[in-house]
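Here is the structure we will look at, set down as structure tokens.
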Amino acid sequence: MFVMAIPLYIMELSIGQFSSRGPVEVWRCLPIAKGIGFAMVTMSLLVAIYYNVILAYTLYYLVQSFRSVLPWADCHDRWGSANERCFVRNRDVILCTNVPRLLYNEYGGTNITGESFPISLQNPGATFEAPLKDFSLLMANCSNATSSAAEMFWERDVLDLSSGISEVGGLKWDLVACLFLSWVIVFLCLIKGISSSGKVVYFTATFPYVVLTILLVKGLTLNGSLRGLKYFLVPDFEKLKSFTLWRRAAEQLFFSVGIGWGGLIMSGSYNKFRTDASSFSIIVILADLITSFLGGIAVFSVLGYMSETYGVPIEDVAKQGQGLAFVVFPEALTTLWLPQLWSVIFFVMLFLLGIDSEFPLVQTALTVFSDAFPIMRRHQALAAFLTCTVCFAIGLTCVTRGGQYVLNLFDTYASGVSLLAAGAAETIAIMWFYGVNKFSDDIEFMAGKKPNIFIRISWTVISPLILVGIIGCYFYERTPILYNNKESYPAWADHLGLALAAFSFIQIPIVAILVVIQKRSITKALQPHEMWGPGDDELLEEYKRFKEIKAPLRHRHSHGNN
């Protein structure tokens, strides 16, 4: 958070604000690195495509929330033979697969003596003995079902999930309708460019806090909430040894605050030139940290409630990613008074949070298009329509019966470690090749003071080394992609994912080569464009005079050190 998030947030926001340009044209400071901007925009569009599919799921659940009985509250005959493995989770239902864990919680680490006939059982990571009579009693009354009603609704009704990515199947027309509606909403909010999306953000960025507060208060008043908070707040130091945990934390950090997408550069380009970007960045990062913490409390208080209600460990109800939003929470809502109301509140919040993240992803691309083709600034609605239409068409691959496998492919390779790589390339290009001293002078001209020494050290050493180290370890330990951490993909799909990631980054060397050819010199390709500086003409002239004053001072300082 403090060694990467804040420094890199300041860097992206400042360079966008200083130049008043988007993530491609901002590379006038270092023309040879212009491909980084194209890579960022490509990643933004790829993520916007699959992220809106998740918003389509949210709309689907929101519509279903108005039914008299929530459809994920019960098992249904329409699921055919699959209904035989469905169960409605409650304290009276014991799954046969959970019997060893229940007995381990009771007898693990104790000696079975006396009249009890012991039986040897396996629990993940341990072998233990338990009374045979207890084992027999539990096995006689347990259920062989494997999926809760909420899981079945997600897999059978929402996704109609196929056997794998090789079986794409037909379109899910209900999801197609939701995806279409989601893109229509995005289009309407972007129809007038940043002026329209900026007004919408006032609502989408603030109202979810009202809903989060309601869910937080409700969650903390539920029985078992303290169990969930303990699980959330007490660290498992053994897991801190996992490299994967740290990598995912870095990915989530970048995704959460928007580093590496180009969206921060785009947002900064609309700031007033003298805005204090450093203070603003710190406020935003801390607000994101507090929001994430409160969101964690709200989520884990509900998980603790489910654990208490169903009499199972939290590990049995907790899921990652989409499973948390579309299986665990909906299932928890069915146990509350007026579940339809709570369901509507929850999914409205999810949609607003999602749409708030979707805007900058698409707006970044529109800003780049406008910079490249100024005529598009007079036709913002047309540019937004064409962009949303193309993204919708590509997104249809994610709303087929095998669409969830495609979405997982996008999620793994279009963002994830690719986002960290973009951040590393951007930081190294600006701080090592453009120069941390030049960049600090630019900020001094804009804000009146240079960044402090800690920020500059983080820019030049700490952040690049951490990011390069994480990326290197990822490729050293990389394993083929899995769906739901258990279902493997065919080799061709894994290769397709790698090609998807490469599609973004191959633009960096290609554009670099083209720039060198155009300028006929690597040295010139490494020098700032003659028009590099503030977007305002008066400020640009003032900046040129500022550089003329700074240049001899830096030369004198360098000569003195020698």
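The values are calculated or read from the model by the stated rules, or taken from the named source; none is laboratory data. What you are looking at is a predicted structure, and each value in this text was computed from that prediction instead of being measured. Note that we place each Cβ from the backbone using ideal geometry, even for glycine, and neighbour counts take in every protein chain shown.
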Exercise for review: With the condition kept exactly as written, say whether any residue in region 329-338 is surrounded by fewer than 21 Cβ atoms within 10 Å (Cβ to Cβ), in contact (Cβ under 8 Å) with a residue 24 or more places away in the chain and of a type in the set (Asp, Glu).
Suggested key: no
Check your understanding: Between residues in region 29-50 that are assigned by TED's automatic domain parsing to the domain that holds Thr412 and residues that are among the hydroxyl-bearing types (Ser, Thr, Tyr) and not in a helix (DSSP H, G or I), which pairs lie under 9 Å by C-beta distance while being six or more apart or on different chains?
Key -> Met43/Ser415; Leu46/Ser415; Val47/Ser415; Tyr50/Ser415
Review point. Does at least one position in region 453-466 carry a residue that is in contact (Cβ under 8 Å) with a residue 40 or more places away in the chain, within 22 Å of Met43 (Cβ to Cβ) and of a type in the set (S, T, N, Q)?
Key: yes
**Study point:** Residues of region 273-319 satisfying the condition of being free of Cβ contacts under 8 Å to residues at least 12 places away in the same chain and not hydrophobic (A, V, I, L, M, F, W, C)
**Key:** Ser279, Glu315, Lys319
Exercise for review: State yes or no: is Leu382 modelled with pLDDT of 90 or more, assigned to a helix (DSSP H, G or I) and of a type in the set (A, V, I, L, M)?
Suggested key: no
Check your understanding: Take the residues of region 68-97 that are in contact (Cβ under 8 Å) with a residue 60 or more places away in the chain and in contact with a Leu (Cβ under 8 Å, 6 or more places away or on another chain): which is farthest from Thr335 (Cα to Cα)?
Key -> Phe87
Point to revise | Verdict on Glu308 being assigned to a helix (DSSP H, G or I), over 25 Å from Arg67 (Cα atoms), of a type in the set (D, E, K, R) and touching a Lys or Arg at 6+ places or on another chain (Cβ under 8 Å) | key: yes
**Study point:** Criterion (touching a Ser or Thr at 6+ places or on another chain (Cβ under 6 Å) and crowded, with 17+ Cβ neighbours inside 10 Å) met by exactly one of Ala512, Ala493, Ala501, Ala525
**Key:** Ala501
Study note, to complete from the structure: By residue number, the members of region 391-430 that are touching a residue at least 60 places away in the same chain (Cβ under 8 Å), of a type in the set (Gly, Ala, Ser) and in a helix (DSSP H, G or I) are Gly395, Gly403, Ser418, Ala421, Ala422, Gly423, Ala425, Ala429
Point to revise | Residues of region 35-82 that turn out to be crowded, with 17+ Cβ neighbours inside 10 Å and not in a loop (DSSP other than H, G, I, E, B), as a count | key: 30
Review point. What about Ala414, is it surrounded by fewer than 20 Cβ atoms within 10 Å (Cβ to Cβ), over 21 Å from Tyr270 (Cβ atoms) and small (Gly, Ala, Ser)?
Key: no
Exercise for review: Residue by residue through region 251-277, note down the ones that are surrounded by fewer than 20 Cβ atoms within 10 Å (Cβ to Cβ) and outside any loop (DSSP other than H, G, I, E, B).
Suggested key: Glu251, Gln252, Phe255, Ser256
Point to revise | Unique residue being part of a helix (DSSP H, G or I), of a type in the set (Val, Ile, Thr) and out of contact with any helix residue (DSSP H, G or I) (no Cβ under 6 Å at 6 or more places or on another chain) when the list is Ile375, Ile355 | key: Ile375
Practice item. Sort out which residues of region 182-208 are at pLDDT 90 or above and over 22 Å from the mean Cα position of the chain (by Cα), and write them in order of number. Key: Val184
Point to revise | Filter pass, Phe454 being assigned to a helix (DSSP H, G or I) and either polar (S, T, N, Q) or closer than 27 Å to Tyr543 by Cβ (or both) | key: yes
Revision key, fill the gap. Quick count over region 393-427, residues being out of contact with any strand residue (DSSP E or B) (no Cβ under 7 Å at 6 or more places or on another chain), under 21 Å from Leu59 (Cα atoms) and either modelled with pLDDT under 90 or not β-branched (Val, Ile, Thr) (or both), is 10
